[in-house]
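A short write-up of the structure that comes next.
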Amino acid sequence: MNHYITTNSPENQSHFLLYQKGEEVAFTYIYEHLYKSVLYYANRITGDEFANHTMVQEAFLRAWHLRERMTS
């Protein structure tokens, strides 16, 4: 299994297409592969762990609502 969601593998591409259609299993796949790295990046910038958890959760929620517009 490819652990890098940013690579354009067939597995990642199929999950992205399912994500665009609103499949929760695809959202879970993307979330599990990106959440920790995005949170780590946010923590390095601000150092406020609680605020970062909130911001990252909000970003994933927003991405879910805008998923049909996404192209990659």
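The values are calculated or read from the model by the stated rules, or taken from the named source; none is laboratory data. Not measured: the values here are computed from a predicted model. Cβ placement follows ideal geometry from the backbone for every residue including glycine, while neighbour counts extend to all protein chains displayed. Each accessible area value is taken on the protein alone, full model and side chains, heavy atoms only, with ligands, DNA and RNA left out. Shrake-Rupley method; radii C 1.70, N 1.55, O 1.52, S 1.80 Å.
Descriptive notes on the structure:
- Rounded to 10°, Cα long-axis angle of helix 49-65 versus longest principal axis of the chain: 30
- In the chain, the longest principal axis of the Cα atoms and the axis of helix 24-46 are about 30 degrees apart.
- Relative contact order (percent, whole number), region 1-71, Cα cutoff 8 Å, 6+ residue spacing: 30
- Count Lys and Arg as plus one, Asp and Glu as minus one, and take only other residues whose Cβ is under 10 Å from that of residue 21; the net charge is then -1.
- On full extension, the segment bounded by residue 58 and residue 72 gains 3.1 nm, given 0.36 nm per residue less the C-alpha separation.
- Per residue value of the accessible surface for the chain (all protein chains in place, 1.4 Å probe), Å²: 77
- Hydrodynamic radius by Kirkwood, which averages 1/r over all alpha carbon pairs of the chain, in angstrom: 12.9
- Whole-percent carbon and sulfur share, accessible surface of the chain, 1.4 Å: 58
- Here region 48-72 is scanned for amide nitrogen atoms under 17 Å from the site 7 Å beyond the Cα of residue 8 along Cα-to-Cβ, giving 70-72.
- Its DSSP H runs of at least 4 residues, each contributing -39,500 (n - 2.57), put the calculated 222 nm mean residue ellipticity of the chain at -23500 deg cm²/dmol, to the nearest 500.
- Rounded to 10°, Cα long-axis angle of helix 10-20 versus longest principal axis of the chain: 80
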